[in-house]
Ligand code: EPU
């Protein structure tokens with residue numbers, strides 16, 4: 001089935017809780033229905049498009065003057081299984097953390113470190129979500145979807161997805177053109193645990209032996225202690241990316257700030273903790289109007305109630321400029337700004 005409405009309020013469709021209106025809003029429950037809609041309605045080719053999952057990584061700064069497509073494609077389906085691995089397909093509309101929960105319960109490893117990340121499966125490869133030493137690209141076998149320009153189904157293997165840090169081909173070259181309808185994950189029945197990140201291993205041990213269930217519990221406990229629950233406080237997780245700089249630039253900063261957290265990522269490049277820098281610049285817990293910097297994690301901007309998208313954007317601009325001035329580092333937004 002597909003269903004189109006007009007002048008649709010997006011307030012409960014984005015985790016920042018921003019009021020904005022979509023000119024057209026479409027829900028589809030299968031790839032075939034998306035293609036049927038496109039054939040029957042022939043939407044004006046030049047109209048802007050946005051694929052919207054749970055709205056947990058975007059900021060509306062204006063009304064959306066185009067077509068929003070919200071996939072409500074359900075289902076988790078076992079495709080193949082042997083003694084070592086399983087391949088499972090999940091629909092774009094499946095809530096990511098429900099998928100993680102079901103994998104952990106079945107003893108399938110590979111996504112447990114990504115517990116409690118908000119959002120739906122459709123957005124997971126687009127963003128190449130990551131947390132606690134794991135990135136989802138390491139368990140993706142295939143990304144399936146529809147090209148809205150050619151009305152064709154297409155499947156991408158991992159190399160074709162061009163995954164990078166919080167990015168992929170779907171976010172860049174194929175933005176507005178290719179909608180993910182399902183993702184095939186390859187998970188392990190003999191998982192190797194990844195516990196090196198920060199205090200993860202210590203946290204896991206608090207719950208008992210090292211197993212998938214306890215890793216999931218530990219990740220949830222860490223996230224809940226630092227990150228605001230979007231059901232209670234509007235936010236979109238990390239607002240900025242952790243910048244990747246040259247070793248020389250990182251060393252220069254380390255000379256001035258010896259306790260700056262840095263993570264070598266290979267090829268002479270180093271990722272530095274933007275949250276630490278924003279805190280050091282004095283922004284943690286600060287607010288301007290109804291927009292604020294979270295008091296437990298400076299990388300997260302929050303809506304203290306009634307903030308407009310522009311207000312939150314303005315705060316991010318001020319932080320960007322201040323960090324550039326104080327640290328000579330150009331932060332990049334991780335959250336997608338819509339309507340600027
Ligand atoms: N830090 C501070 N002050 C802060 C925030 C962080 O000093 O206000 C320091 C921490 O003490 C730590 C370092 O910065 O030494 C890194 O902090 P943390 O482990 O909290 O992770 P992060 O770099 O801030 C990234 C991801 C998160 C992910 C966590 C855990 C990005 C942009 N963010 O945050 O992802 O959950 O690692 O793996 O890569 C998201 O993408 O929305 C998100 C929440």
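Taken together, the values in this text are just the output of simple stated rules run on the coordinates, not laboratory data. In this text the structure is predicted, and so the values were computed from the model without any measurement. FYI the Cβ positions are ideal-geometry reconstructions off the backbone, even for glycines, and counts take in every protein chain you see.
Assuming R0 = 25 Å, can you tell me the calculated FRET efficiency for the pair residue 157 and residue 85, based on Cβ-Cβ distance, to the nearest 0.05? Each step should come with its number before you reach the end.
Numbers: r = 16 Å, r/R0 = 0.65.
Given R0 = 25 Å and the Cβ-Cβ separation, E is 0.95.
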**Report entry** Gap separating the Cα centres of segment 203-264 and segment 83-133, nearest whole Å
**Finding:** 19
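Which of 15, 27 has the fewest other C-beta atoms within 10 Å, and how do the rest follow up to the most? Don't skip to the end; give the middle numbers.
Numbers: 15 24, 27 20.
With the fewest neighbours first, 15, 27 line up as 27, 15.
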**Report entry** Extension gain, residue 321 back to residue 95 (0.36 nm per residue minus Cα-Cα distance, nm)
**Finding:** 77.8 nm
Report task. Rounded to the nearest 0.05, what FRET efficiency do residue 36 and residue 255 give with R0 = 51 Å and r taken as the Cβ-Cβ distance? Could you check? Result -> 0.25
Report summary line: Dividing the alpha-carbon radius of gyration of segment 2-71 by 2.2 N^0.38 Å, where N counts its residues, gives 1.08
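Looking at segment 228-338 from every direction and averaging, what is the projected area of its Cα convex hull in nm²?
On the way: hull surface 28.5 nm².
With every direction weighted equally, the projected area is 7.1 nm².
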Requested in this report: Please report the base-10 log of the normalised intensity I(q)/I(0) for segment 74-168, using a Debye sum with one equal scatterer per alpha carbon and no solvent, at each q in 0.12, 0.13, 0.21, 0.25 (1/Å).
Outcome: -0.37, -0.44, -1.17, -1.59
Query raised in the report: Taking R0 as 30 Å, what's the FRET efficiency between residue 5 and residue 279 from their Cβ-Cβ distance, rounded to 0.05?
Result: 0.10
Query - Over the chain: helical MRE at 222 nm, DSSP H runs n ≥ 4 each giving -39500 (n - 2.57), nearest 500 - result: -7500 deg cm²/dmol
Query raised in the report: Just how many % of Cα pairs in the chain lie over 30 Å apart, if you round to the nearest whole percent?
Result: 39
Report summary line: Expressed as a whole-number percentage, the relative contact order of segment 2-71 with C-alpha contacts under 8 angstrom and at least six residues apart is 41
Report summary line: Classified through the alpha carbon gyration tensor (a ≥ b ≥ c as square roots of its eigenvalues; rounded if a/c is under 1.5, else prolate when a/b is larger than b/c, else oblate), segment 1-118 comes out oblate
**Report entry** Order of 172, 136 under a 10 Å beta carbon neighbour criterion, fewest first
**Finding:** 172, 136
**Report entry** Surface/4 estimate of mean projected area, convex hull on alpha-carbon atoms of segment 108-211, nm²
**Finding:** 7.1
Requested in this report: Just grab the label-to-label distance for residue 197 and residue 76, each label 7 Å out from Cα along the Cβ direction, in nm (one decimal).
Outcome: 2.0
**Report entry** Backbone N under 12 Å from the residue 176 label point (7 Å along Cα→Cβ), restricted to segment 7-45
**Finding:** 45
Requested in this report: Could you work out the relative contact order of segment 76-192, using alpha carbon pairs under 8 angstrom and six or more residues apart, expressed as a whole percent?
Outcome: 33
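So for the chain, averaging the separation of alpha carbon pairs under 8 Å that are six or more residues apart and normalising by length, what relative contact order in percent results?
Details: 722 pairs, mean separation 58.2, N = 340.
The value is 17 percent.
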Query raised in the report: Sorted from fewest to most neighbouring beta carbons within 10 Å, what does the list 259, 340, 29 look like?
Result: 259, 340, 29
